[in-house]
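The values are calculated or read from the model by the stated rules, or taken from the named source; none is laboratory data. Note that this is a predicted model, so its numbers are computed, not measured. For neighbour counting, all protein chains shown are included, and Cβ atoms are generated from backbone atoms with ideal geometry for every residue, glycine included. These accessible areas exclude ligands, DNA and RNA; they are computed on the full protein's heavy atoms, side chains included. Shrake-Rupley method; radii C 1.70, N 1.55, O 1.52, S 1.80 Å.
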Amino acid sequence: SFPGGSAANTIYGLAKLGVKTGFSGAISDDTEGKILLNDFEKVGVDTGQIRIKPGAKTGAVLCLSDELGRRVLYVTPRANSLLTMNDLDLTYLNQARMLHLSSFADDRQFKPLLELTGKLDSAVKLSFSPGALYAAKGLKSLNPILNRTYVLFVNQSEMQQLTGKNVKEGAEICLELGCHIIVVTLGKGVKLGKETGQGTSTAIGYIRDADTEYTIEPDRRNLGIKVDTTGAGDAFATGFLYGLLKGKGLEEGGRLGNIVAQFSVSKTGAREGLPTATQLAQRYQKL
């Protein structure tokens, strides 16, 4: 049993890297809720915006995985499904340089999410990780969020769900809808055409903005055994956002994302393996 949650994992990872972070969400006053609060507080996440829903249970996900890396997730949102617009402090959120959003299992939270994105200050950059739950809603439903999104994080299957297209064609559609940067994680690797249009390369990540595209190729050196891929996408987002916040370019951000994901999969659970800033710098220099 481990602390988790898609956006929560990314925020935890950024805090561990030394970024000033806060979190808005809902938990219960049960044992699991206290574990989540304590886990955030030990890396310095501001938990003052986390709402306690007495009488409910803290949300949980049952993850079943096998030795081939295949997974299935069963979500029981519980207290998460009680979050309303009244629980979100716009003044607090509008102080952020970047707001990172993920999805909710219950449809009741979708309308407040749309309302929130409409009320965000224009100076706040929106980072959005829809996951399979929101990708399945399709472009029309998500358009108000995508139109406001600065960085969109999806994996290959989510891109297919969301747009009905392959990685590159789907990224083009998302750019046309208003996203500034598209980041697609590709698991163990996918053959993609090179930027020059000549030949193909095996990529574990594809990054695109209006002017350029980058493929992140796998590092073949032995960097440790993969123990658990749960949260690898959240970890990639951690590294990429860290790069952006530090003024790095898209390609370098992709490399940082890949390194943080490598750390993540080295231990069981989504957060146990996440690096400190010193560990990330040392691995980056080594590579």
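Using the rule -39500 (n - 2.57) for each DSSP H run of four or more residues, divided by the residues of the chain, the 222 nm mean residue ellipticity is -11000 deg cm²/dmol.
How do 21-28, 6-13, 136-143, 34-41 rank on mean C-beta neighbours within 10 Å, highest first? Walk me through the intermediate numbers first.
Numbers: 21-28: 21.4, 6-13: 26.2, 136-143: 14.2, 34-41: 16.4.
The peptides rank, most packed first, as 6-13, 21-28, 34-41, 136-143.
Against the empirical curve 2.2 N^0.38 Å, the C-alpha radius of gyration of the chain lands at a ratio of 0.95.
Since only 24, 85, 63 are under comparison, the one whose Cα sits farthest along the positive direction of the charge dipole of the stretch 1-87, derived from C-beta charges on Lys, Arg, Asp and Glu, is 85. Accessible surface comparison of 192, 133, probe 1.4 Å, protein chains only, largest first: the order is 133, 192. Overall, the chain carries a charge dipole of about 360 debye about its Cα centre when +1 sits on the Cβ of Lys and Arg and -1 on the Cβ of Asp and Glu, all other atoms neutral. Once the chain from residue 71 to residue 111 is taken as fully extended at 0.36 nm per residue, the excess over their C-alpha distance is 11.5 nm. For the stretch 18-27, putting each phi into the Karplus relation 6.51 cos²θ - 1.76 cosθ + 1.60 with θ = phi - 60° gives couplings of x, 7, 6, 9, x, 9, 10, x, 9, 9 Hz, in residue order, rounded to whole numbers and with x for Gly and Pro.
For the set 111/140; 165/248; 188/286, the pairs lying more than 24 angstrom apart at their alpha carbons are 165/248. Summary value for the chain: 15 percent relative contact order, contacts being C-alpha pairs under 8 angstrom separated by 6+ residues.
A cut-off of 5 Å between modelled amide H atoms, ignoring neighbours fewer than 5 places along the same chain, links residue 99 with 125, 126, 127.
How big is Rg to Rh over the stretch 1-123, alpha-carbon atoms, Rh as the Kirkwood inverse-mean-distance radius?
Details: Rg = 14.8 Å, Rh = 15.4 Å.
The Rg/Rh ratio comes out at 0.96.
Overall, the accessible surface of the stretch 147-287 at a probe of 1.4 angstrom is composed of carbon and sulfur to the extent of 45 percent.
Take the Cα of residue 226, step 7 Å toward its Cβ, do the same at residue 150, and the gap between the two points is 3.1 nm.
Sequence-ordered 3J(HN,Hα) estimates for the stretch 61-68 from the Karplus curve with 6.51, -1.76 and 1.60 and θ = phi - 60° stand at 10, 8, 10, 10, 9, 10, 5, 8 Hz, glycine and proline given as x.
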